[in-house]
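The values are calculated or read from the model by the stated rules, or taken from the named source; none is laboratory data. The model shown is predicted, which means the values in this text are computed figures rather than measured ones. Areas reflect the complete protein model, heavy atoms only, side chains present, ligands, DNA and RNA absent. Shrake-Rupley method; radii C 1.70, N 1.55, O 1.52, S 1.80 Å.
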Amino acid sequence: QVQLVESGGGLVQAGGSLRLSCAGSGRTFSSYTMGWFRQAPGKEREIVAANSWSGVTTYYIDPLKGRFTISRDNAKNTIYLQMNSLKPEDTAVYYCAARRGPIVVVSTQYEYWGQGTQVTVSS
């Protein structure tokens, strides 16, 4: 069982940066693939980035490459999402999620979810 708690969301102007954190519980945190997802009003939840249990393999959706960076610190049971050059279209609730196994992009394949943190980017 893994419990996840996100933090770091907020209101930021376009062009600004935010760093989201996701703290996990449980001694097996390091064995989980971790993903960041987001869901904007009226839209489906989409993957933003994912990081394998070892941290070696990462995935980003193409539009976000170069702006967002996922990282993890297994010693702290925490993953991060550094978001730079934010745009109004990045406004969404951001969720972290965990799964056993390799990186996948389908949200239903992730077993554990945090409660989400709101990111609002003003123009």
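Given the Cα-Cα distance of ASN74 and SER17 and 0.36 nm per residue of separation, how much length would full extension add, in nm? Write out the running numbers ahead of the final one.
On the way: separation 57, 0.36 × 57 = 20.52 nm, distance 2.36 nm.
Length difference between fully extended and current span is 18.2 nm.
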Q) Expressed in whole Å with the largest first, what are the equivalent ellipsoid semi-axes of the chain derived from the C-alpha gyration tensor as the square root of 5 times each eigenvalue? A) 23, 14, 14
Q: May I ask you to list the lysines whose Cα is less than 28 Å away from that of LYS87, ignoring any residue fewer than eight positions away on the same chain?
A: LYS43, LYS65
Q.
Please report the spacing between the Cα centers of the range 74-96 and the range 1-56 in Å, no decimals.
A. 6
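Would you mind getting the accessible area per residue of the range 11-101, heavy atoms of the protein chains only, 1.4 Å probe, in Å²?
For the range 11-101, the per-residue accessible area is 49 Å².
Using a 1.4 angstrom probe on heavy atoms only, work out the carbon and sulfur share of the accessible area of the chain in %. Before the final figure, lay out the partial values.
Working: 3070 of 6240 Å².
For the chain, the apolar C and S fraction of the accessible surface comes to 49 percent.
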